[in-house]
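Below is one structure, written out as structure tokens; the observations come after it.
Values quoted throughout were computed directly from the atomic coordinates according to the rules given, and no laboratory measurement underlies them. Since we're looking at a predicted model, the values are computed, not measured. Ideal geometry is used to build each Cβ from the backbone, glycine not excepted, and the neighbour counts take in all protein chains shown.
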Amino acid sequence: MEKFISVFDMFKIGVGPSSSHTLGPWVAALHCMHAYDLQFGNKDIQQIQVKLYGSLAKTGKGHGTDMAVLMGLMGEDPITTDTSLINHKVDMIKTNHQLHLNEHKQIEFNYDTDVIFLRDQSLTHHPNALQFLISQSGLTHTFTYYSIGGGFIEYENTKGALINPIVDNVVDVPFDFYSTDELLHWCIKTGMNISEIVKENEKTNCSEALLNTKLDAIWDTMQACMFKGCTTEGVLPGGLQVRRRAFALNNQLLKHAQFSNVDEWKNLIQKGGTDFKYILDWVSCFALAVNEENASFGRVVTAPTNGAAGVVPAVLMYAQLFCNKNTPEQIRQFLMTASAIGVLFKNGATISAAMGGCQAEIGVSSAMAAAALTELLGGNQKQCLMAAEIAMEHHLGLTCDPVGGLVQIPCIERNTMGAIKAITAAQLALQSKPDFALVSLDKVIKTMWNTALDMSVKYKETADGGLAIQIPIALAEC
């Protein structure tokens, strides 16, 4: 049973386009190289093969899984790597048939034969499975990993037992919670709101000053992603010829006004007024911008996944620019409340589209943003949980059916829908009395998980059903 999960486990700075298909495999490759070095030493490695199973194989190229594992094997950090050089580095490996392991050792590596896509094979634990076969001195060692959503990984130890790095590193916190009822218990007992509960738990691991610095870095990354997405035009990679829309919408809304930095941009947005249509367009623009960057292998923050990375930033920017909730303390409060809701869904259901469909990504992100906005606008703890319940209730059953195996259609637009639903859910909760509600958040989480179990595998990030087979485009081969 998972319990304490940090804000910085839910919000990870990384690289698009997918937390489960890009960031998770990247982290797995980094972890594998470190683990192998500790056991055997990397200097005598002769060959590495990577096997991708199930969903990772079916939509792996469109989601950059192959590129991610190569970057991880090279020791590149997804938080700091220069995203503009990823394609070049991978192309060099393919051309030269050479792979630099952690920048220390160079081995022969043939991409066409050493990255193996096993589309018709799956491992039993999770649809997102990958293995690293490392040969040294005539022996081959196999390391098995699972990318379980949101950039989280699990791996098998030498005895075949599953290891979860978060569970392994158990931290005693003052207000541990697994379910909504447990979270609400602590809120009632202490009188603290949800963000304060999270804050006290986080302070077990780090000082308040460091916590604030790390939360500010999360928001800075989200904000930079929105700004870059709104100021970059062109066509998204992958072969679908999907044009970026945030750039044109941004220019239209600002009437082509000039700006040179984020602050000037935000000031111009605020000067545009508070007309309902104007605000609605901006919320959509913010979400589009993030997920267009995500689809372009840009730097994003899992919230709780990459495919749903636009919802939380769009709603937080809405709160900042149109609800006057713009102090550093309020931004941190929003992020901490949102993370608590994400934890509840991860513990009680899943945040992996390969396990639960898009309800596990857009639905969860919308619930996170709804609860956070509710607290920021003065809602009590029960109203926050009610907002999360409302948001998820109206995403139940949402499938994951990426056209061409890419995170473009329908994924990008779904972030705009998730953001708007989050705002609506918050408003409904603020005008409601949660004690009279018939459906609790715990019941919705359980319903979501049962729905995930009932959902056909073809609607779980395989591109084998839904829109993916209505559009006559093959899985991305680029």
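Could you work out how far the C-alpha centroid of segment 360-383 sits from that of segment 415-473, in angstrom? A separation of 14 Å, based on Cα centres.
Note on segment 1-117: with charges restricted to the Cβ of Lys and Arg (+1) and Asp and Glu (-1), its dipole about the Cα centre is near 260 debye. A cut-off of 5 Å between modelled amide H atoms, ignoring neighbours fewer than 5 places along the same chain, links Ile148 with Ile153, Glu154. Think of the chain as a dipole: +1 on every Lys or Arg Cβ, -1 on every Asp or Glu Cβ, centred on the Cα centre; then among Thr65, Ile134, Asn96, Thr65 lies furthest on the positive end.
Using a simple charge model, +1 on the beta-carbon of Lys and Arg, -1 on the beta-carbon of Asp and Glu, nothing else, what dipole does the chain show about its Cα centre, in debye to the nearest 20? Please list the in-between numbers first.
Values: 35 positive and 47 negative charges, 168 e Å.
With Lys and Arg at +1 and Asp and Glu at -1, about 800 debye.
The convex hull defined by the C-alpha atoms of segment 18-168 has an orientation-averaged projected area of 8.6 nm². Amide hydrogen proximity for Lys12: with H placed 1.01 Å from N in the peptide plane, the residues at 5 or more positions away or on another chain lying under 5 Å are Thr302. Under a 5 Å amide H cut-off, with hydrogens placed 1.01 Å from N, Gln136 pairs with Gln46, His141 among residues at least 5 apart or on other chains.
Sorting His63, His256, His31 from the fewest to the most surrounding beta carbons within 10 angstrom yields His256, His31, His63.
Straight-line cross-link partners of Lys325 among the lysines, defined as a Cα under 18 Å from its Cα and at least 8 positions apart when in the same chain: Lys266, Lys271. For Ile412, neighbours were defined as the other residues whose beta-carbon sits under 14 Å from its Cβ, and their charges (Lys and Arg +1, Asp and Glu -1) total -1.
When DSSP beta bridges are limited to those with both residues in the chain, what percentage is antiparallel, rounded to the nearest 5?
Details: 28 of 33 bridges.
Close to 85 percent.
Taking the centroid of alpha carbons for each part, segment 120-193 and segment 1-69 are 13 Å apart.
Kirkwood hydrodynamic radius of the chain, from the reciprocal of the average inverse Cα-Cα distance over all distinct pairs: 22.5 Å.
Kirkwood analysis of segment 381-478, using all unique Cα-Cα pairs, places the hydrodynamic radius at 15.0 Å. Estimated from helical segments only, the mean residue ellipticity of the chain at 222 nm is -15500 deg cm²/dmol, where each DSSP H run of four or more residues counts as -39500 (n - 2.57).
Quick one: net charge around Asp401, please, counting Lys, Arg +1 and Asp, Glu -1 for every other residue with C-beta under 10 Å from its C-beta.
On the way: positive: Lys458, Lys460; negative: Glu461, Asp464.
That sum, taken over residues with Cβ under 10 Å, equals 0.
Ordering Cys323, Cys230 from the fewest to the most neighbouring beta carbons within 10 Å gives Cys323, Cys230.
By counting other Cβ atoms within 10 Å of each Cβ, how are Ile45, Ile116, Ile362 ranked from fewest to most? Mind showing how you got there, number by number?
On the way: Ile45 21, Ile116 16, Ile362 30.
Going from sparsest to densest Cβ surroundings: Ile116, Ile45, Ile362.
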